[in-house]
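Input: a single structure, listed below in structure tokens.
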Amino acid sequence: MSVALAYGEFCENMGAIKIEAHIFHHAKRATIDWFASTITGSLEAPARLTFQALKAEIGVGASTILPAGQKTTPRNAALINGTASHTLEFDDIFRAGLYHPGSPVISAVLALADANDVSGEHFLRAVITGYEVSNRIASVMIPAHYDFWHTTATVGFFGATAASSYLLSLNAEQTAHALATSASMAAGLQQAFQSDAMTKPIHAGRAAEGGVLAASLAREGITGVLDIFEADRGFGRAMSDSVDWDRALDGLGSHFTIEQITQKNHAACGHVHAIIDAIIKLKVEEEFEIETIEQITIGSYQKVLDICDNPEPVSTNEAKFSAQFCAASAFVQGRSLRTQDFLQDNLKDPIVKNLLTKIVLEVDQKCQKAFPNARSAKVKVRLRNGVELESFAPTRKGDPDHPMSDNELSEKYMDLVQIVFDEENTRLLLEEMWTFEKITSMRGFIDKHFDESRLLI
């Protein structure tokens, strides 16, 4: 049996698989986190401009664009919401796959769940389905895949496709053809990380849209090459090396990877989170004045240097991908970094700018050896009086081995969404999402909470 067909059978049978309560709970956590990132991310240029580019198609369809509630087609809603969800760099992570599953998967799920008016439980099963298929594929494609490809853009297609296939009630063969079609469409280059361009968040939106499209095509009879994953000229060979597809299928349907998701505690690239955590820990444990710092040495794994070595960021997006800026800001703030910490005024802060000149970024061999199973960082500070201080973060706050509590996740959500809705509406939406399994109509849920009249802005 081909890999595509194995995943197809899983998706077809997902409605009958017994899902334990704690797995549903993890799906609710992922969904709450997605709404937080998406609602606020919708205010930013990538989502706003994507909306403008598609304005002729707004008002036709049954899927909702967040947060104002405009209606459009499922594909357009998946694209716009998916772009918004990845803009703030606050969306979730599957650590073992170097992948952000929520942005492509939940964006596609919401678009089709709304259009087809499914229940909350059906919605959550679709989320679990998309996470499961794409997380497994991501985990066997890295690390080689991540040298050139943005996993959220490429593997995200499969998560969105699997979830969409489940929601459209495709059989195993139809789902396999949908996944095969996705494999030929999936793309997204890492070079998009290296500038202030808006392409990166659109990667997630395009993956969500592509998944909706691939499943819709398969429903009408469009076929793909069913050995597309494992074939000599297939996805694995083309975009990675020595892919173990048996490992990608091991435990499918009995072990669920959604319980291994990272919820981000900082509004920045995930590769810098351990650095921020180490600095916050240092500031809690040691007493020193920022003005007395002579040098800061940051050691982490090579990907941090490849993606986040930027000592002179000039924009919000560049700052989120600057290990130096995030470190300097963490010294100044002494807490989790939020969206407001990356505004232009903070980029010009003289204390932050002075700290940037004192930071040395290097590979730490202990951190490198632990990657990708752990994201760690070591921070050494030398003061003017010769005192040396050190802090080590073996993992990140929010990772499965150091998770955010439900209360902490709710606080993150409230912090973000209150920018868009008032406190009462923000809290009502949150309360209903914590009991998602009780929702009988996703369309009713969306229409109830997302309307232009509710917006603060």
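The values are calculated or read from the model by the stated rules, or taken from the named source; none is laboratory data. Owing to the predicted nature of the structure, the values given are computational and were not obtained by experimental measurement. Note: ideal-geometry Cβ built from the backbone for every residue, glycine included; neighbour counts use all protein chains shown.
Brief remarks on what is shown
- Put simply, of 385, 373 the only residue that is of a type outside the set (A, V, I, L, M, F, W, C), more than 25 Å from residue 43 (Cα to Cα) and more than 22 Å from the chain's Cα centre (by Cα) is 385.
- Between 175, 152, the distinction of being among the polar types (S, T, N, Q), part of a helix (DSSP H, G or I), over 25 Å from residue 194 (Cα atoms) and in contact (Cβ under 8 Å) with a residue 12 or more places away in the chain belongs to 175 only.
- Sole residue being within 21 Å of residue 457 (Cα to Cα), among the β-branched types (Val, Ile, Thr) and assigned to a strand (DSSP E or B), chosen from 64, 38: 64
- Flag: residue 283 matches the condition of being part of a helix (DSSP H, G or I) and basic (Lys, Arg).
- Residue list for segment 422-436, restricted to those being in a helix (DSSP H, G or I) and either of a type in the set (A, V, I, L, M, F, W, C) or surrounded by fewer than 17 Cβ atoms within 10 Å (Cβ to Cβ) (or both): 423, 424, 427, 428, 429, 430, 431, 432, 433, 436
- Of all residues in segment 297-318 being in contact with an Asp or Glu (Cβ under 6 Å, 6 or more places away or on another chain) and in a helix (DSSP H, G or I), the one that is surrounded by the fewest Cβ atoms within 10 Å (Cβ to Cβ): 318
- Residue within segment 161-176 that is crowded, with 24+ Cβ neighbours inside 10 Å, among the hydrophobic types (A, V, I, L, M, F, W, C) and closer than 30 Å to residue 316 by Cβ present: no
- Scanning segment 218-243 for residues that are over 24 Å from the mean Cα position of the chain (by Cα) and under 15 Å from residue 7 (Cα atoms) returns 218, 224, 225, 226, 227, 228, 230.
- Residues of segment 12-21 satisfying the condition of being in a helix (DSSP H, G or I), in contact with a helix residue (DSSP H, G or I) (Cβ under 7 Å, 6 or more places away or on another chain) and under 13 Å from residue 256 (Cα atoms): 14
- Being over 26 Å from the mean Cα position of the chain (by Cα) and modelled with pLDDT under 95 is not true of residue 294.
- Of the residues in segment 218-232, at least one is at negative phi, polar (S, T, N, Q), surrounded by fewer than 17 Cβ atoms within 10 Å (Cβ to Cβ) and assigned by TED's automatic domain parsing to the domain that holds residue 185.
- Filter result (surrounded by 15 or more Cβ atoms within 10 Å (Cβ to Cβ) and among the hydrophobic types (A, V, I, L, M, F, W, C)) within segment 274-289: 274, 275, 276, 278, 279, 280, 282, 288
- Number of the condition not met by residue 330 [criteria: (1) outside any helix (DSSP H, G or I); (2) surrounded by 21 or more Cβ atoms within 10 Å (Cβ to Cβ)]: (1)
- Sole exception among (1) farther than 30 Å from residue 432 by Cα; (2) out of contact with any Phe, Trp or Tyr (no Cβ under 7 Å at 6 or more places or on another chain); (3) not β-branched (Val, Ile, Thr) for residue 138, by number: (2)
- Any chance residue 396 is of a type in the set (Lys, Arg), under 20 Å from residue 267 (Cβ atoms), touching a strand residue (DSSP E or B) at 6+ places or on another chain (Cβ under 8 Å) and in contact (Cβ under 8 Å) with a residue 60 or more places away in the chain: yes
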